[in-house]
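All remarks here apply to the structure that follows.
The values are calculated or read from the model by the stated rules, or taken from the named source; none is laboratory data. Keep in mind the model is a prediction, meaning the values are calculated, not measured. No Cβ is skipped: glycine too gets one built from the backbone with ideal geometry, and neighbour counts run over all protein chains shown.
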Amino acid sequence: MMIGYQTFDIRRLTLDFTIMKILQINKFFDLRGGAEVYMHELSEKLRERGHEVHAFSTKSPKNLQSDDKEFFVRRYNYDRKEGMAKDAEKAFNFIWNKEAKQSLDAQLTEQKPDVIHLHNIYHHLTSSILSIIRKHKIPCVQTLHDYKLACPNYKMYTQGSVCERCKGGKYHNAILHKCLFPGLAPNILAAAEMSLTKITHSYERTVKTFICPSKFMMQKMEDWGEPPGKLTYLPNPVQIPAEASSARGRGDYVFIGRLYPEKGIETLIRAAARVPSVKLCVVGEGPDRHKLESLANQIAEGRINFLGFQTGEELKRIRREAKALCIPSVWYENAPLTALEAMAEGVPLIASDIGGLPELVTDGVSGFLAKPDSIESWIEALQQMETFTNEQRLELGDYGRDQAIKNFGWESHLDALERIYTL
């Protein structure tokens, strides 16, 4: 039990709950990342429990099917310039989306949900919708998938390192350090948007419970001034296979994720290059791919394979056969789904000792922890794993799988979430 926080023993929640009408709100409705995957899986599993689940989001040809799409609003592309008038329109909607506010008002009037579950709404749906939720007096919770509640660029990472310059409301730092975009104007908008939400306490006045998937996230939010009584720790769930794969350990070391600087992949590549027995598969796409692939060919030719974006059964196969899943992040990772999926399948982890990752890895028991952005520390972790026999590596994976079964199953997660909804 943590003093000052709401906490739940998710293994002991066996209460029966009234069937509810639940509205899930997220800025994207296609499978862009972990937040979207979680929201869609959650919606399906809540329906399986008999709840009526609705959605509010933005429009996209890539969206999954929804009976609520008539309420979805236009999605703006902030990555390109489209002329002065269009860019001015986008700038306004970046801070305050009038269409989203009006459409959600209509949806709430028609559907009258019992509870609203927010996910990521910034820059697209915007905090404009929060006043409508208050107007209808509907209980609201929010899962914190990232650090946007406190940080303008939502990562607490900029210019190659962890950043907490904006702590205490110093959001002008987002402009000085160009935390979100290369240009000046977009960063001014981001700082203004953040200042507006904090001055008005729009999230804090609307959301009754902020759900933190890691204890690190929960503590960081309190450190940045969020009310402790509104913060609740509830770990992300993962689907647990009936048994661990018999193919475990047959493959190489694996990285799965976006190829961005904060993911620390360059450190992993440089470390792997200096351990001759290590072969690495890099799964994912991103702006750093060309640079990283060139580096790998120069210093570890033939031992580091870039597989691009993978999904479905092929991704599962790669992960299940891995010697270990490597997570070399240099930013405050929260509770990445990739790590939980590997644990559920009995694959050991090698992860940076940062953010919420140490909550998932017991050093030397379910895997190894390495210092973030330290090539020498990552070399040591890889060498330690290489000294283990395949049987010993499987034992590491088995321990991680036991922890996933105990702490990260969907049924216990749903039990706890239903209780949070009804508090």
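One table, with the values for the structure above:
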{"item": "Residue among L31, L23, L13, L64 that alone is more than 21 Å from A106 (Cα to Cα), at pLDDT 95 or above and of a type in the set (A, V, I, L, M)", "result": "L64"}
{"item": "So A300, is it at pLDDT 95 or above and either closer than 30 Å to L42 by Cβ or surrounded by 15 or more Cβ atoms within 10 Å (Cβ to Cβ) (or both)", "result": "yes"}
{"item": "Flag if G308 is under 14 Å from P328 (Cβ atoms) and in the same structural domain as L325 (by TED's automatic domain parsing)", "result": "no"}
{"item": "So I405, is it at pLDDT 95 or above, in a helix (DSSP H, G or I), in contact with a Ser or Thr (Cβ under 8 Å, 6 or more places away or on another chain) and within 22 Å of R49 (Cα to Cα)", "result": "no"}
{"item": "Checking P358 against (1) buried (at least 18 other Cβ atoms within 10 Å of the Cβ); (2) under 20 Å from the mean Cα position of the chain (by Cα), the condition it does not meet", "result": "(1)"}
{"item": "Filtered residue count, the range 141-172, keeping only those that are surrounded by fewer than 19 Cβ atoms within 10 Å (Cβ to Cβ) and of a type in the set (S, T, N, Q)", "result": "2"}
{"item": "Condition check for L394: closer than 17 Å to R320 by Cα, among the hydrophobic types (A, V, I, L, M, F, W, C), in the same structural domain as G356 (by TED's automatic domain parsing) and touching a residue at least 12 places away in the same chain (Cβ under 8 Å)", "result": "yes"}
{"item": "From the options K170, K178, residue that is out of contact with any strand residue (DSSP E or B) (no Cβ under 7 Å at 6 or more places or on another chain), farther than 26 Å from R32 by Cα and assigned to a loop (DSSP other than H, G, I, E, B)", "result": "K170"}
{"item": "Qualifying residue in the range 244-252 (condition: within 21 Å of the chain's Cα centre (by Cα), in contact (Cβ under 8 Å) with a residue 24 or more places away in the chain and surrounded by 17 or more Cβ atoms within 10 Å (Cβ to Cβ))", "result": "no"}
{"item": "Qualifying helices (runs of 4 or more DSSP H) (wholly inside the range 21-129; at least 3 residues being of a type in the set (G, A, S) and surrounded by 14 or more Cβ atoms within 10 Å (Cβ to Cβ))", "result": "34-48"}
{"item": "Positions within the range 317-356 being in contact with an Asp or Glu (Cβ under 6 Å, 6 or more places away or on another chain) and among the basic types (K, R), in sequence order", "result": "R320"}
{"item": "Output for the range 227-238, where each listed residue is part of a loop (DSSP other than H, G, I, E, B) and either in the same structural domain as V347 (by TED's automatic domain parsing) or surrounded by 20 or more Cβ atoms within 10 Å (Cβ to Cβ) (or both)", "result": "L234, P235, N236, P237, V238"}
{"item": "Test result for K135, among the basic types (K, R), within 29 Å of Y421 (Cα to Cα) and not in a helix (DSSP H, G or I)", "result": "no"}
{"item": "Matching residues, the range 394-414, being touching a helix residue (DSSP H, G or I) at 6+ places or on another chain (Cβ under 7 Å) and under 25 Å from K263 (Cβ atoms)", "result": "G400, R401, Q403, A404, F408"}
{"item": "L196, sole failed condition from (1) modelled with pLDDT under 95; (2) outside any helix (DSSP H, G or I)", "result": "(2)"}
{"item": "First in the range 333-354 and under 15 Å from D146 (Cα atoms), second anywhere and among the hydrophobic types (A, V, I, L, M, F, W, C) and surrounded by fewer than 22 Cβ atoms within 10 Å (Cβ to Cβ), Cβ under 7 Å, 6 or more apart", "result": "L337/V37"}
{"item": "Test: residue in the range 281-297 that is within 26 Å of V347 (Cα to Cα) and more than 24 Å from the chain's Cα centre (by Cα)", "result": "yes"}
{"item": "Verdict on R401 being more than 19 Å from T143 (Cα to Cα), under 20 Å from the mean Cα position of the chain (by Cα) and of a type in the set (K, R)", "result": "no"}
{"item": "Top-ranked residue of the range 268-282 - restricted to ones that are surrounded by 22 or more Cβ atoms within 10 Å (Cβ to Cβ) and in contact with a strand residue (DSSP E or B) (Cβ under 7 Å, 6 or more places away or on another chain), ranked as farthest from R258 (Cα to Cα)", "result": "V278"}
{"item": "Residue match in the range 402-419 (condition: touching a strand residue (DSSP E or B) at 6+ places or on another chain (Cβ under 7 Å) and assigned by TED's automatic domain parsing to the domain that holds T338)", "result": "no"}
